[in-house]
Amino acid sequence: QVQLVESGGGLVQAGGSLRLSCAASGSTFSIIAIGWYRQAPGKQRELVARISNSGSTNYADSVKGRFTIFRENAKNAVYLQMNSLEPEDTAVYYCRAETYSMVVWGQGTQVTVSS
């Protein structure tokens, strides 16, 4: 089993930055990719960024050039550096791990961007 714990959310003004952390534990050897998703009130959950074991990344068009996903293998952690935040980025952000047999979600962390 894989467990995920997110941290780093909070309240920030437009134009500011936040860094989200996703710490994985348990059967981390089985993880093939980790992604950050977000869900705003009244909207569907959407992919923000994803990084695979090979290091390849992909981003939602709305965050390209502003957000960066990267990992620290020694800590079994994946981070989402968010710069130039906009009020439209306000959402609950979730970490998601893909294994060969299942998908595991974290509990989510709130990000609120004030205008």
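Averaged over its residues, the chain has an accessible area of 52 Å² per residue, based on protein heavy atoms and a 1.4 Å probe. Stokes-Einstein diffusion for the chain, with the hydrodynamic radius set to the Kirkwood value over Cα pairs and evaluated at 37 °C in a medium of 0.692 mPa s, equals 234 µm²/s.
Within the accessible area of segment 15-92, what % is carbon and sulfur when the probe is 1.4 Å and the other protein chains stay in place?
48
Modelling each spin label as a point 7 Å along the Cα-to-Cβ direction, I'd like the S54/S27 distance in nm, to one decimal. Going by the 7 Å Cα→Cβ label model, 2.4 nm. Across segment 1-38, the residues whose backbone nitrogen lies under 16 Å from the label position 7 Å along the beta-carbon direction of K75 are 4-9, 18-25.
The protection proxy used here, the mean number of other Cβ atoms lying within 10 Å of each residue, ranks peptides 17-28, 41-52 as follows, highest first: 17-28, 41-52. Rounded to the nearest whole Hz, the Karplus-based 3J(HN,Hα) values (6.51 cos²θ - 1.76 cosθ + 1.60, θ = phi - 60°) of segment 96-108 follow the sequence 9, 10, 9, 10, 5, 10, 7, 10, 10, 10, x, 7, x, with x at glycine and proline. Phi angles across segment 68-79 convert, under the Karplus curve 6.51 cos²θ - 1.76 cosθ + 1.60 with θ = phi - 60°, into 3J(HN,Hα) values of 9, 9, 8, 10, 10, 4, 4, 9, 6, 10, 10, 10 Hz, Gly and Pro given as x.
The values are calculated or read from the model by the stated rules, or taken from the named source; none is laboratory data. Just so it is clear, the structure is predicted and the values come from calculations on it, not from any experiment. Virtual Cβ from ideal backbone geometry, glycine too; neighbours counted across all protein chains shown. Note: areas computed on protein heavy atoms with side chains; ligands, DNA, RNA excluded. Shrake-Rupley method; radii C 1.70, N 1.55, O 1.52, S 1.80 Å.
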